1. Which condition number in (1) within 30 Å of residue 305 (Cβ to Cβ); (2) touching an Asp or Glu at 6+ places or on another chain (Cβ under 6 Å) is the one that residue 156 fails?
2. Only residues that are loosely packed, with under 13 Cβ neighbours inside 10 Å and either of a type in the set (Ser, Thr, Tyr) or at pLDDT below 95 (or both): list them for the stretch 350-365, please.
3. Give me the pairs: first residue in the stretch 223-238 and free of Cβ contacts under 8 Å to residues at least 24 places away in the same chain and assigned by TED's automatic domain parsing to the domain that holds residue 212, second residue in a strand (DSSP E or B) and β-branched (Val, Ile, Thr), beta-carbon distance under 6 Å, and six or more apart or on different chains, which are they?
4. Can you pull out the residues in the stretch 229-245 that are out of contact with any His (no Cβ under 7 Å at 6 or more places or on another chain) and either in a strand (DSSP E or B) or surrounded by 12 or more Cβ atoms within 10 Å (Cβ to Cβ) (or both)?
5. Tally the residues that are of a type in the set (A, V, I, L, M), surrounded by fewer than 18 Cβ atoms within 10 Å (Cβ to Cβ) and assigned to a helix (DSSP H, G or I), restricting the search to the stretch 21-57.
6. Quick check on residue 190: is it under 15 Å from the mean Cα position of the chain (by Cα), buried (at least 24 other Cβ atoms within 10 Å of the Cβ) and in a loop (DSSP other than H, G, I, E, B)?
7. Taking residue 288 and the conditions (1) loosely packed, with under 14 Cβ neighbours inside 10 Å; (2) in contact with a Ser or Thr (Cβ under 8 Å, 6 or more places away or on another chain); (3) not assigned by TED's automatic domain parsing to the domain that holds residue 53, which numbered condition does it fall short on, given that it satisfies the others?
8. So which pairs qualify, if the first residue must be in the stretch 304-318 and hydroxyl-bearing (Ser, Thr, Tyr), the second must be part of a strand (DSSP E or B) and at pLDDT 95 or above, the Cβ gap must be under 8 Å, and the two must be at least 6 apart or on different chains?
Amino acid sequence: MSQFNEFVSFVRNLYSTSDFLPLHVPIFNGNEKKYILETIESTFVSSVGAYVNRIEEIMRAHSSVNRAVATVNGTTALDMALKVCGVGQNDEVITQALTFVATANAISYNGAIPVFVDVDYDTMGLSPKALLHFLETHATVENGVCKNKKTGRRIAACMPMHTFGFMCRIDEIASICDEWSIVLIEDTAEAIGSKYKGRPSGNFGRVGAFSFNGNKVVTAGGGGMMVTNDEKIADLAKHLTTTAKVPHKWDYFHDQIGYNFRMPNLNAALLCAQMEQLDKFIINKRETALEYKSFFDSMGITFRMELEDCYANYWLMCIELDNQRERDEFLAKTNDAGVMTRPIWKLMFDLPMFKDCYRDSQENASLLSERIVNIPSSFRPKL
């Protein structure tokens, strides 16, 4: 009981509040109101406008890629990334079960089937060792196409996710995907600003997909983004997300089934202002992480820190408790005290729609799901 009380007192002092303390809230201290007002006055509040173009250029430069395509949210960015990379009906996509449901949902939207391999315990992201073991056991490459020897299905893509902004061993995963003729798509929804060996998240695969939901480090209210070095993929993504309408001064001709997935100019304006503050937000959060580490070290509790060669945005900070009983007690006591904490997500194969998907031992994912707790991680304005 004393440990819970100490944590509640510490975190309230850290955030200088006695009110309800949420997990992560957006901060609007920059040009948000100015840019939104400019957008309203321009009347271009929907998917055509200067700020949509501007945010795509900002994200292109941020990710060190050739192109960026803005979408209405992170899920549509994942959905479209799979689609433009050729993932289709009855294909298999390798991913992790320890993830937010949007990862697996996006695979299903394309008629494909998720295949769940384990994560690394230290990164909480897809394990290259587990990936390689699965492929060596279950896959073969014939005429440049990777196939599952048991199901006969094409293994079309691999989609790792950078959990809470901590980078997985993405370079090793990329090498394995190249060797096995599998398209790599990065689910970097949580990792804006994170880097691995100096390279930004989203820069390693055929496509990277970001989320700018209201609880992310920077937000568009909603919003997502695809980034890629492949010009043809970018052109196709922009075309499909704009209802597949062939450009014309007045005529409405759509040459295939398209999607109304483009980010509105109003959201893009908000995100442009947020991206101007990204570095400040991350520096602030990294300072908070050090405060947390010092506190939890004194209590003998593991606070998750970035690994060597990684630069984490610390989107959602987390601790690792000894077992599920201790985790549940911590969750109950802190939430009852008005300090929001939450467990990691349910593993995807524990959800009814994905219960029959292939999974390996999931040893690390299962242990992490029993032990990891997210704690308040917002920007601290007084820093």
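1. Failed condition: (1).
2. If the condition is that a residue be loosely packed, with under 13 Cβ neighbours inside 10 Å and either of a type in the set (Ser, Thr, Tyr) or at pLDDT below 95 (or both), then 361 is the only one that fits.
3. Nothing qualifies.
4. 229, 230, 233, 234, 235, 236, 237, 238, 239, 240, 241, 242
5. Final tally of qualifying residues: 3.
6. Values: under 15 Å from the mean Cα position of the chain (by Cα): yes; buried (at least 24 other Cβ atoms within 10 Å of the Cβ): yes; in a loop (DSSP other than H, G, I, E, B): yes.
Yes: the conditions hold for residue 190.
7. Of (1) loosely packed, with under 14 Cβ neighbours inside 10 Å; (2) in contact with a Ser or Thr (Cβ under 8 Å, 6 or more places away or on another chain); (3) not assigned by TED's automatic domain parsing to the domain that holds residue 53, only one is false for residue 288: (1).
8. Qualifying pairs under 8 Å: 311/195; 311/196.
The values are calculated or read from the model by the stated rules, or taken from the named source; none is laboratory data. Small disclaimer: the values here were computed from a predicted structure and weren't measured. Glycine also receives a Cβ, built like all others from the backbone with ideal geometry; neighbour counts cover every protein chain displayed.
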